[in-house]
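One structure is given below, encoded as structure tokens.
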Number of protein chains: 2
Amino acid sequence: MSLVRVHNFSISLDGFGTGEGQSLENPFGHAGHRLNTWMFDTRFGREMMGQEGGGRGADDAFTQRWEPGIGAEIMGANKFGPPGWQDDADWKGWWGPNPPFHTPTYVLTHRPRPSIEMEGGTTFHFLDTTPEEALAVAREAAAGADVRIGGGPTVVRDFVAAGLVDLLHVVQVPIVLGRGVRLWDGLEAFDEAYDVETVSTPSGVTHLTFARKA
Amino acid sequence: MSLVRVHNFSISLDGFGTGEGQSLENPFGHAGHRLNTWMFDTRFGREMMGQEGGGRGADDAFTQRWEPGIGAEIMGANKFGPPGWQDDADWKGWWGPNPPFHTPTYVLTHRPRPSIEMEGGTTFHFLDTTPEEALAVAREAAAGADVRIGGGPTVVRDFVAAGLVDLLHVVQVPIVLGRGVRLWDGLEAFDEAYDVETVSTPSGVTHLTFARKA
């Protein structure tokens, strides 16, 4: 059976996966780039931005697991665009003509639209359905490969709460955001079903890897 | 100037410093011992319980900083006793006749009572006052030594929010409690005034050390 995986999901010390006030100018709201600077400093992050260089240490090792073996992604409406993107018929995501997903990518929204085929193998499909049904669709498209749950925090939380996630990689950044969308709400004791490994890296972040117990 | 220090303060991944439903039988509420097992496994923790053995690695190194150089402690009412202890004239804390503090120890409560002198140098004093005023009293009693803020989460949070804490050592346990009293509420961006160092240890916990910037 293919796995359902979450990678490189950054949160603050107080558990916020995004700040308050998400907008076109500030995709992470008042958090700005603070949740992601650790990733921008890795080779993986630089490649994502079309740049060279970046660290090749532990942070990079974690980030590089994001792509291999993935056959489809599921993301939430708030990852695909700023509030109100559903009113913009031309909105095709944040990522330009060639998004980094390179697989079928399912966007959960209550206002679905026709699929959009992008360059490089990414096709955005829009679904108004439950986590279970979205996963069934994505899993069939992945054809034996794994399915990545791409975020944001609400979607990751919903899939974890539904017991659908096999591997959850969370990166805790040592800042207190105070406001935004929390990852852990409603997940009391979910960790009991997982083996957890924790490691801090020289950048100051802490990688938490939850692997579902056999 | 003497320092104000917090040591060995355990929280869950979702930031709870104690669980819900604190009582005589369950001082940490539904959290049980889960926030503190890492400490019970250290030499420091075993000595606290009057036992031998325990690990001598990184967790123990952190815990051992709790006592040296401390001249007074300030704690909250909910650390001193279970809900309602103010109605029990004989309540003298959880710790038996010889508490581990061995200094003047100030309990913040809206219902102060006469001081209680215990064995081993601990005297409990009861204050109904602000963090600033309590610190002034404790600092004078400490006579040049440091003052420890002993918890619970509400008291640590209040002292951090008031800008009074110089060293904050938090230990994050990789469990999701879901309910209880949160440490980080109201502390948005407090970390900007601190240098933070993060290290995970083989027990699976993560030590966060916030040292106030010079």
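Just so it is clear, none of the values below were taken in a lab; they were calculated from the coordinates. Computed from a predicted structure; not experimentally measured. Methodologically, a virtual Cβ is constructed for each residue, glycine included, from the backbone with ideal geometry; neighbour enumeration extends over all protein chains shown.
Report the net charge of residues surrounding B:M118, where surrounding means a beta-carbon distance below 15 angstrom and charges are Lys +1, Arg +1, Asp -1, Glu -1. List each step's numbers first, then the result.
Details: positive: B:K92, B:R113; negative: B:E73, B:D90, B:E117, B:E119.
Computed value for this residue: -2.
For the stretch B:108-120, take each phi angle, set θ = phi - 60°, evaluate the Karplus expression 6.51 cos²θ - 1.76 cosθ + 1.60, and give the result in whole Hz per residue in order, putting x for glycine and proline.
Rounded to whole hertz, the list is 7, 8, 6, 10, x, 9, x, 4, 10, 8, 9, 6, x.
Between A:L127 and the same site in the other copies, what are the distances in nm, shortest first, taking label points 7 Å from Cα along the C-beta direction?
Once sorted, the set of distances for A:L127 reads 5.8 nm.
Take chain B, connect every pair of alpha-carbon atoms lying under 10 Å apart with a spring to form a Gaussian network, then pick out the residue of B:P131, B:P104, B:P83 with the largest mean-square fluctuation.
Result for chain B, Cα springs under 10 Å: B:P83 fluctuates most.
Give a residue-ordered list of calculated ³J(HN,Hα) values for the stretch A:40-52 (Karplus: 6.51 cos²θ - 1.76 cosθ + 1.60, θ = phi - 60°; whole Hz; x for Gly, Pro).
So the J values, rounded to whole Hz, are 4, 8, 9, 4, 4, x, 5, 4, 4, 9, x, 10, 9.
Within the set of other residues whose C-beta is less than 10 Å from the C-beta of B:R43, count the net charge using Lys and Arg as +1 and Asp and Glu as -1.
-3
Would you list B:S10, A:S115, A:S12, A:S2 from fewest to most Cβ contacts within 10 Å? Don't skip to the end; give the middle numbers.
Numbers: B:S10 23, A:S115 13, A:S12 27, A:S2 17.
Starting with the residue having the fewest Cβ neighbours, the order is A:S115, A:S2, B:S10, A:S12.
Roughly what % of DSSP beta bridges within the protein assembly as shown run antiparallel, to the nearest 5? Please report the intermediate quantities before stating the final value.
On the way: 34 of 78 bridges.
Antiparallel bridges: around 45 percent, rounded to the nearest 5.
Just add up the charged neighbours of A:A161: K/R +1, D/E -1, any other residue whose Cβ is under 12 Å from the Cβ of A:A161.
-3
Using helices alone, what [θ] at 222 nm do you get for the protein assembly as shown, with -39,500 (n - 2.57) per DSSP H run of 4 or more residues, divided over all residues and rounded to the nearest 500?
After summing the helix terms and dividing by the residues of the protein assembly as shown, the value is -4500 deg cm²/dmol.
Where is the GNM fluctuation largest for chain B (alpha-carbon springs, 10 angstrom cutoff): B:T129, B:T105, B:T18?
Result for chain B, Cα springs under 10 Å: B:T129 fluctuates most.
B:R148's amide H: which non-local residues (gap 5+, or another chain) put their own amide H closer than 5 Å, with H modeled 1.01 Å from N in plane and none for Pro or chain starts?
It is B:R5, B:G71, B:A72, B:E73, B:I74, by chain and number.
Determine the relative contact order of chain B: mean sequence separation of Cα pairs under 8 Å and six or more apart, normalised by residue count, in whole percent.
After rounding, I find 29 percent.
Let me check against my output: what whole-number percent is the relative contact order of the stretch B:17-112, with C-alpha pairs under 8 Å and at least 6 apart?
Numbers: 96 pairs, mean separation 22.1, N = 96.
Worked out over the stretch B:17-112, it gives 23 percent.
Taking the Cα centroid of the stretch A:136-163 and of the stretch B:190-214, what is the distance between the two, rounded to the nearest whole Å?
The two parts, judged by their Cα centres, are 33 Å apart.
Which far-off residues, 5 or more places away or on another chain, put their amide H under 5 Å from the one on A:T109, with H placed in the peptide plane?
The list, which skips near neighbours in sequence, is A:L127, A:D128, A:T129.
I'd like the mean, over residues of A:170-178, of how many other protein chain beta carbons sit within 10 Å of each residue's own Cβ.
On the way: counts 2, 0, 5, 2, 10, 6, 12, 4, 7.
Average per residue, whole number: 5.
What's the average, rounded to a whole number, of partner chain beta-carbon atoms within 10 Å of each residue's beta-carbon in B:186-198?
Across B:186-198, the average partner-chain Cβ count within 10 Å equals 4.
I need the inter-copy label distances for A:R34: point set 7 Å along Cα to C-beta, values in nm with one decimal, smallest first.
2.8
Quick one: with label points 7 Å out along Cα→Cβ, list the inter-copy distances for B:G84 in nm, shortest first?
Sorted ascending, the copy-to-copy spacings read 5.5 nm.
Once you average over the residues of A:124-134, how many Cβ atoms of partner chains fall within 10 Å of each Cβ?
Average neighbour count from other chains, rounded to a whole number: 0.
Residue by residue through the stretch A:12-27, which ³J(HN,Hα) values in whole Hz follow from phi under the Karplus form 6.51 cos²θ - 1.76 cosθ + 1.60 (θ = phi - 60°), with glycine and proline marked x?
So the J values, rounded to whole Hz, are 7, 4, 8, x, 8, x, 7, x, 8, x, 4, 7, 4, 7, 10, x.
Need the C-alpha centroid separation for the stretch A:24-93 versus the stretch B:1-75, integer Å.
That distance is 38 Å.
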